[in-house]
């Protein structure tokens, strides 16, 4: 490097024009080096965006930079990054990265969107500030110069035909080489199924289709997790995405653990230089367990479970003999399409205070298939005299169709909300009185649904289970008062 070859004595002996020439060479050398190193570029450009704060390094910043560099090189086409709030995700992805890409490929065209148009505009303005700075123009002004007639906060172009367009989820009409989404969900609306689905439809039908060249377009989503059915969950289910997941506190058993995470100790912090134990603890207070699980840990349900803890369930290897009672419990779907909820049928046995899950079927079924599934389960478990069917959705029609072919179909009108019904039976689970078949193929999915409830993608197994456990509970009350009445009569 030139700077390493020049001594202070050399500088003192140089004429002004020689110094100017050396300075030009040094800038050219630095511009070439920074154009090839995104992480170094971030630190060099930092004072332009955040002049009053010092840059604080972190390995997660390096990891994000490495992944975005891979996008620039064409090695990654679909990138999902989950990272806690305040950890520089927007600055790195939506401010520094597009300006760095222009140092290499000024003709790139990028679309940036966020749930809040004001946030997209904020980052767009910061990026423009970098491009228009003397520091940037001294190094790359020969190739990147903003066109005077296309220089607005939300849209600006350079003289090489590259542009950046930013906006909310109404962003339409343009095409880009980069489609970037930063925090697509409004946290205040995350519990609204309609609001979540609107975001997913916007991504599927609008934003993800705006690539200029389908063979080279890159899609980047960076966000904190808020719900199992948020945009992250949606694209992960779709498959084909490179996933960089960075929880605030290290978990060995995290479902999306980053293989190159340097942390080894449980609970080790992601960016302790800025968010130490005290700061993290204070931020957790208003969030609650579900908020912490999603926004900080990047999994939208607490590790041990929310309303029902994973450790509460018991497991059996042999079905107890002489069960007191066996019942079926069915939760039917509202629609027959592949996108509808699942139909779930469970078989439960009761022995004293204990309840045993004996069998489970779960699938997306149309109406005829649902009827056949109930008939099959009834043949398999003839001892299940009572067959509870929620009297909603397809359940009403199922009862009407099968009542003269299968005995014991009992319509159940659910009382209260789903959470209230689970709360009513959760003491039975917490007490260790609910047993699952050890090693059954369906158990892990069953536990996952309960762990995520009420913020999981599905709750059909929860509904079928609470329906059965509530029936056992009310039967027990009936038996108690029946015995009491008989005793009084005697």
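Every number in this text was worked out from the coordinates using simple rules, so none of it is lab data. Just so you know, these numbers come straight off a predicted model, no measurement behind them. Ideal geometry is used to build each Cβ from the backbone, glycine not excepted, and the neighbour counts take in all protein chains shown.
Tabulated values for the structure
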quantity: Evaluated over the range 256-384, the Cα radius of gyration and Dmax, each in Å; calculated: 21.9, 63
quantity: Inter-probe distance in nm under a simple model that places probes 7 Å from Cα toward Cβ, at residue 309 and residue 415; calculated: 2.9 nm
quantity: FRET E, pair residue 289, residue 147, Förster distance 51 Å, beta-carbon r, rounded to 0.05; calculated: 0.50
quantity: Those residues of the range 126-144 whose amide nitrogen sits under 19 Å from the label point placed on residue 55, 7 Å along Cα→Cβ; calculated: 126-141
quantity: Per-bin percent of Cα-Cα distances, the range 172-264 [10 Å]; calculated: 14, 42, 32, 11, 1
quantity: Directionally averaged shadow of the range 70-222, computed from the convex hull of its alpha-carbon atoms, nm²; calculated: 9.1 nm²
quantity: In nm, spacing of pseudo-spin labels at residue 447 and residue 26 (7 Å Cα→C-beta vector); calculated: 6.2 nm
quantity: The range 18-88, relative contact order in percent, only Cα pairs under 8 angstrom and at least six apart counted; calculated: 22 percent
quantity: Zero-based 5 Å bins, Cα pair distances in the range 63-146, whole percents; calculated: 3, 13, 24, 24, 21, 12, 4, 0
quantity: Percentage relative contact order, the range 310-481, counting C-alpha pairs under 8 Å, at least six apart; calculated: 29 percent
quantity: Computed E for residue 134/residue 197 - FRET, C-beta separation, R0 51 angstrom, nearest 0.05; calculated: 0.60
quantity: Relative contact order for the chain, counting Cα pairs under 8 Å that sit 6 or more residues apart, in percent; calculated: 13 percent
quantity: Residue-span extension gain [residue 391 to residue 282] - 0.36 nm each, minus C-alpha spacing; calculated: 34.7 nm
quantity: Whole-number D in µm² s⁻¹ for the range 36-296, Kirkwood Cα-pair radius fed into Stokes-Einstein, 4 °C, 1.567 mPa s; calculated: 68 µm²/s
quantity: Relative counts (whole %) of C-alpha pair distances in the range 310-481, using bins that are 5 Å wide; calculated: 1, 8, 18, 23, 22, 16, 9, 2, 0, 0
quantity: Extension gain, residue 400 back to residue 259 (0.36 nm per residue minus Cα-Cα distance, nm); calculated: 45.4 nm
quantity: Overall dimensions of the chain as given by Cα atoms, namely Rg and Dmax in Å; calculated: 29.8, 120
